[in-house]
Structure formats: C-alpha cells, structure tokens
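One structure is given below, encoded as structure tokens.
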Amino acid sequence: MAGLEDLYREIILDHYRNPRNRGELPVPPARRVEGFNPLCGDEVVVFVDVDPAAGAVADVRIAGQGCSISQSSASMMTGAVKGQTVEHVREVIRAFKAMMSIHEQGLDGEGRQVDEPVLPDPAVPLGDLEALRGVVKFPVRIKCATLSWNTLAQALDEAEAEAEAR
Ligand code: ZN
C-alpha cells in the first residue's frame, strides 16, 4: 500500500516542519518534565497545565529537539490531548503505546517477523497518530515515537501525586 505510506510520510513531515503547540508554559502552574532517548539523541520537554477542578489538560507545549519521528510524534500528541480530560488522555496514551508495541508479537527469537502482528482494537481513534504505525517496522525507532508520550505520562503522574498530597 504505497499510497498510504506516502500519506503517512507526508503527515509525519508536516508535523516535523510545522510542529503544533511548540513553546513553553509558565511553571507553575504548568509542570515541566524532560525526556531523553539516548538511542537517538532525542530530547523533548513537555509543559503541561492540568486543571484540577476540571480534571483536564488545559494546555500543553513541547520544546526540545530530535529526529523527525520524535518531534512529529510530540506535535501530534499535543493535538490529541489538549483540552481533553486526564482520563481520556490516559486512554490515548494506552492506545498509542499499544499500537507501538505490536512489533513484539509475531517475531521470532532474532526479531524477524514470522506472523502477522495482531493489531490491537484501539479503544480510542488515533487520527493522525496512525501515521506512526509504520514505525513499528523499525524497532530501534519506537523509542523515538513513544518518548513524548512517556514524558507526558510522567508529568500526569506527578501532577496527580501532588494533588493527592494536598
Ligand atoms: Zn529519534
């Protein structure tokens, strides 16, 4: 399906060249968490402003630098989570990471694909994020794609722990 792969490549390049929600947020009230992927040299800084009253991600910004996969994934992530409830955001994180882990299925001991991987039935539609599905064919790049997501999950965990401690 060359047509679909071309479309996916276009989406990834568009987010890389024109990243959405790029910048910083004042800390506090926002939370700032850095993530690194030493395999590729990617760094991402996630600024997330969680509104405790609404239980929602009021705003999110991305800083840092790295390869096209890491930066476009971060850009797409901001569009998927901004303004959403924390509960929904956690579902999107789960669904995205499930999509990124399918490579582990159907591989033999040496990492060759021997069976068709079983695609998880996504609990939430991933939209443009589907464009990153092809990354699973390159296991070394998966950490590029999941970096910003793991960083966001860490920020949400910290925000939650802090709210509970109050
Ligand atoms: Zn990378």
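The values are calculated or read from the model by the stated rules, or taken from the named source; none is laboratory data. None of these values were measured; they are calculated from a predicted model. Neighbour counts are summed over all protein chains in view; Cβ atoms, including those assigned to glycine, are modelled from backbone coordinates with ideal geometry.
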Inset, instruction - Residues being out of contact with any Phe, Trp or Tyr (no Cβ under 8 Å at 6 or more places or on another chain), in contact (Cβ under 8 Å) with a residue 40 or more places away in the chain and not in a helix (DSSP H, G or I): count how many of those fall in the range 58-77. - result: 2
Legend entry - Criterion violated by residue 86 - all others in (1) among the aliphatic types (A, V, I, L, M); (2) at pLDDT 85 or above; (3) surrounded by fewer than 16 Cβ atoms within 10 Å (Cβ to Cβ) satisfied: (3)
Legend entry - Unique residue being part of a helix (DSSP H, G or I), out of contact with any helix residue (DSSP H, G or I) (no Cβ under 7 Å at 6 or more places or on another chain) and either within 16 Å of the ligand (Cβ to nearest atom) or farther than 21 Å from residue 42 by Cβ (or both) when the list is 145, 159, 131, 155: 159
Inset, instruction - May I ask you to verify whether residue 33 is away from the ligand (no atom under 16 Å from the Cβ), more than 15 Å from the chain's Cα centre (by Cα), part of a strand (DSSP E or B) and closer than 21 Å to residue 155 by Cα? - result: no
